[in-house]
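The values are calculated or read from the model by the stated rules, or taken from the named source; none is laboratory data. Since the structure is predicted, the reported quantities are computational estimates derived from the model, not experimental observations. All Cβ positions, even for glycine, are placed from backbone atoms using ideal geometry, and neighbour counts span all protein chains on display. The accessibility values were calculated without ligands, DNA or RNA, using every heavy atom of the protein model including side chains. Shrake-Rupley method; radii C 1.70, N 1.55, O 1.52, S 1.80 Å.
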Amino acid sequence: TLAGHADWRLPAYVELVSIVDYSRSIPAIDPTAFPSALSVDVWTSTLFASDTTSAWEVYFTAGDSSQDPRSGTNNVRCVRGPDGASSPAVPPGRYTIATGAVSDSKTGLTWQQGTPVGTFAWADAKVYCASLNDGGGTWRVPTAKELLTIVDVTRATPPAIDCEAFPAASASPMWSATPVASTPSQAWAVDFRVGYSLSVDASTLLGVRCVR
């Protein structure tokens, strides 16, 4: 029981990632809102789809994520929804596809449905997206948090993304626009084999899925 409420629960993966502050490290979280936060591993309620004896966790040292056996021990930061609501469900008909673009009703973002054949260093990925003229609008490389919103952690086989909305999706890592706070020569990427977030040297050649 806290603040007069007894309906606290473990956060889902995407909920816990939402409080990561990628502009900071050690810990990667807002120190004003969470003044006693430590650089520790924190449990989510989201099971690891290919091995449900494990669950997702987020590392608040820098903001990366992985899975850990549920029999192990980790830290926890509880959450509650408005009026005690459970973890938000994915809305039915979340994605709308039109002219090579996928609109997401959950976030309001529009994604490039296909991805380029080639791979890019981080700076070149940003140039590619900025020069994209596909369906109008200004395209860009997504932030790490934005890219994590299209991870489908319920899929037990790669890629960890909705394959109806993104039928040709790669399971390979994709660039985000978010630099690694503690290492300016690195940036964050999301590995779509299972949905990990990881830091990568900016000179590494990776795929990109643009957003607007």
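What percentage of the solvent-accessible surface of the chain, computed with a 1.4 Å probe over protein heavy atoms, is contributed by carbon and sulfur atoms? Walk me through the numbers on the way to the answer.
Details: 5720 of 10350 Å².
Answer for the chain: carbon and sulfur cover 55 percent of the accessible area.
Using a probe of 1.4 angstrom and keeping all protein chains present, the accessible surface of the chain works out to 49 square angstrom per residue.
In debye, nearest 20, what is the charge dipole magnitude of the stretch 58-212 about its Cα centre with +1 on Lys and Arg Cβ and -1 on Asp and Glu Cβ, if you could check?
Working: 12 positive and 12 negative charges, 48 e Å.
It comes to approximately 220 debye.
Eigen-decomposition of the gyration tensor built on the alpha-carbon atoms of the stretch 151-212 gives equivalent ellipsoid semi-axes of 23, 12, 9 angstrom, largest listed first.
Other residues whose C-beta falls under 14 angstrom from the C-beta of GLY100 contribute a net charge of +1, scoring Lys and Arg +1 and Asp and Glu -1.
Cα axis of helix 122-131 to longest principal axis of the chain: angle in degrees, 0 to 90, nearest 10? Approximately 60 degrees, to the nearest 10. Shown for the chain: cysteine residues without a partner Cβ closer than 4.7 Å, namely CYS78, CYS163.
Within the set of other residues whose C-beta is less than 10 Å from the C-beta of VAL211, count the net charge using Lys and Arg as +1 and Asp and Glu as -1. All intermediate terms of the calculation are to be shown ahead of the outcome.
Numbers: positive: ARG140, ARG209, ARG212; negative: ASP104, GLU146.
Residues near VAL211 contribute +1 overall.
Calculated mean residue ellipticity at 222 nm for the chain: -2500 deg cm²/dmol, from DSSP H runs with n ≥ 4 weighted as -39500 (n - 2.57), summed, divided by the residue count and rounded to 500. The phi torsions of the stretch 26-37, fed into the Karplus equation with coefficients 6.51, -1.76 and 1.60 and a -60° offset, translate into couplings of 6, x, 8, 7, 5, x, 6, 6, 10, x, 9, 5 Hz, rounded to whole numbers, with Gly and Pro shown as x. State, as an integer percentage, the relative contact order of the stretch 118-173 based on alpha-carbon contacts under 8 Å between residues 6 or more apart. It rounds to 17 percent for the stretch 118-173.
If we count every other residue with Cβ under 13 angstrom of SER50's Cβ, Lys/Arg +1 and Asp/Glu -1, where does the sum land? Net of charged neighbours comes to 0.
Whole Å is fine, so just give me how far the alpha carbon centre of the stretch 134-212 lies from that of the stretch 50-125. Each part reduced to its Cα centre gives a spacing of 10 Å.
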